[in-house]
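Everything below concerns the one structure shown next.
Any read-out appearing in this document is the output of simple, stated calculations on the displayed coordinates, not a laboratory observation. Bear in mind the structure is a predicted one, so any value in this text is a computation, not a measurement. In this analysis, Cβ positions are derived from the backbone assuming ideal geometry, glycine residues included, and neighbour counts consider all displayed protein chains.
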Amino acid sequence: MTRTTGMFGGLRIAMQSLSTHRMRTILAMLGVFLGALVLTGVLHVSKSLVRKAEIETAKLGPNLFQAASGTISFRRGGSVRFRGETTTFTLRDAEALIKSIPQVDKGVPYISRTMPIRVGRSATQCQLVATLPDYTAVRSITIDAGRFFTEQELERRDKVVVLGRTIAARLFDSPEAALGQTVFFYRANMKVVGIMEEKGSDLSGTDQDEQVFVPLTTYMRRMSNQDWVSGVFMNLKAGASEDAARKAAIEILRKRHNTKEGGDDFSIITAQEASQLQKKALDLVWTLGLLSSGISFSVGSLGILSIMILLVRARRLEIGIRRSVGATRGNIMGQFLMESAIMSGIGGAAGVAASAGLITLVYFFAGLPFVYDPLLIIGTCAGSVLLGLAAGAYPAWQASQLEILTVLRSSP
């Protein structure tokens with residue numbers, strides 16, 4: 001009972017002391033508040049962006065492995081830039097890669113072009129993808145209404161098209177209203193047989209809802225009369241080595257294209273590479289967040305140290321009286337440590353609460369996954385309390401070392 005009473009008594013004294021020096025206390029807590037705000041905010045947003053990268057990687061397809069004509073480079077954010085597409089990548093190259101690389105499970109060649117699509121007087125740009133019916137399985141995409149084109153339509157070179165949801169909504173009153181309608185690519189009329197499910201942008205930066213899909217044979221013979229393709233999408237088998245698949249693909253294409261290292265007219269890319277590059281960019285944000293929060297916490301600890309030293313000087317008489325009525329050095333030290341811990345803890349908890357509100361708004365307006373890390377939240381609050389204890393240790397020790405007679409004689 002005595003210990004409990006003493007603890008609550010010390011807490012009451014601590015709150016009264018901090019309330020008496022309200023402005024100094026708020027200023028001292030401000031640094032800890034900002035440190036907790038920045039730390040939890042930046043790290044949570046970074047975790048959300050990493051999670052988004054993982055989701056976008058999954059959108060590309062399971063264990064996606066891509067070989068494309070020309071040069072592919074990565075932008076800093078992880079998106080893909082295509083440059084210098086050549087006409088040397090053929091259907092036979094795509095078939096050789098799919099059949100000859102042991103790590104490949106399945107794959108589809110594709111042609112990608114930006115083209116205008118028109119309905120009546122309404123026209124817009126779209127990314128046309130000419131490919132095979134297995135594209136939906138390789139790229140993990142599904143149909144929302146209607147269907148994808150079939151093998152029979154591929155063989156007959158039928159003029160059918162599947163629209164991305166955004167394109168369908170832009171050209172018609174509603175995406176579903178597009179089914180059975182006719183759209184035009186220049187003068188080529190195509191019947192809409194399906195509408196894709198909404199997917200958003202993938203990790204390469206491509207808005208999949210802006211794409212339209214046609215049979216590969218229809219495009220190559222009815223729309224463009226070309227013999228080359230843009231590349232091939234492949235799925236690696238579960239647990240397969242990406243490095244081994246890459247080496248095999250490079251060897252096959254160099255042999256078929258008669259090229260050497262430094263003169264390749266093709267590029268090899270995996271979904272994991274794009275994801276890793278984006279995560280590296282996020283590592284910089286993570287580091288800057290830790291740096292800025294560390295600076296704020298340092299300022300906060302100095303503020304707490306300063307105000308605790310002032311409190312010790314201002315309360316010399318109180319300390320002397322408490323010592324004279326039986327308080328030990330440990331009691332005095334514990335009292336001041338409690339005050340510094342409360343000050344820092346309140347600042348940290350307020351910073352975490354404010355950060356939670358801000359990151360929720362960021363998630364909502366930026367379209368990011370809602371990620372909350374309980375360990376990070378609890379750890380930040382606990383770290384704030386420990387910071388207060390560390391900052392208040394020296395002033396608390398000073399207070400405990402004051403001599404009773406010296407304090408009483410020097411008091412007015």
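Can you tell me how much longer the chain between A353 and D373 gets when fully stretched, taken as 0.36 nm per residue apart minus their C-alpha distance, in nm with one decimal? Provide the component values of the computation, followed by the final result.
Details: separation 20, 0.36 × 20 = 7.20 nm, distance 1.31 nm.
Between A353 and D373, full extension yields 5.9 nm more.
For the stretch 252-267, just list the computed ³J(HN,Hα) in residue order, Karplus coefficients 6.51, -1.76 and 1.60, θ = phi - 60°, integers in Hz, with x standing in for Gly and Pro.
These are the phi-based 3J(HN,Hα) values: 5, 6, 5, 5, 6, 9, 6, 10, 10, 4, x, x, 5, 10, 8, 9 Hz.
Pop out the ³J(HN,Hα) list for the stretch 364-377 in order, Karplus 6.51 cos²θ - 1.76 cosθ + 1.60 with θ = phi - 60°, rounded to Hz; leave Gly and Pro as x.
Coupling constants for the stretch 364-377: 5, 7, 8, x, 9, x, 7, 10, 10, 9, x, 5, 5, 5 Hz.
Put a dot 7 Å past each Cα toward the Cβ at A314 and N258; how far apart are the dots in nm?
8.8 nm
Using a Förster distance of 30 Å, how high is the FRET efficiency between R329 and R22, based on the Cβ-Cβ distance and rounded to 0.05?
Working: r = 28 Å, r/R0 = 0.95.
About 0.60, to the nearest 0.05.
Rounding to the nearest 20 debye, state how big the charge dipole of the stretch 87-264 is about its Cα centre with +1 on each Lys and Arg Cβ and -1 on each Asp and Glu Cβ. Let's see the in-between values first.
Numbers: 25 positive and 23 negative charges, 138 e Å.
Roughly 660 debye for the stretch 87-264.
Would you please classify the overall shape of the stretch 87-264 from the alpha carbon gyration tensor, given that a ≥ b ≥ c denote the square roots of the eigenvalues, rounded means a/c under 1.5, and beyond that prolate means a/b larger than b/c while oblate covers the rest? Intermediate results must be reported in sequence, preceding the final value.
Details: a/c = 2.17, a/b = 1.77, b/c = 1.23.
Taking the square roots of the gyration eigenvalues as a ≥ b ≥ c, the stretch 87-264 is prolate.
Using Cα-Cα distances under 8 Å and only pairs 6 or more residues apart, what relative contact order does the stretch 87-264 have, in percent?
On the way: 337 pairs, mean separation 56.6, N = 178.
So the answer I get is 32 percent.
Which of the peptides 173-181, 97-105 is most tightly packed, and how do the rest follow, judged by the mean count of other Cβ atoms within 10 Å per residue?
On the way: 173-181: 15.3, 97-105: 17.4.
Packing proxy ranking, top to bottom: 97-105, 173-181.
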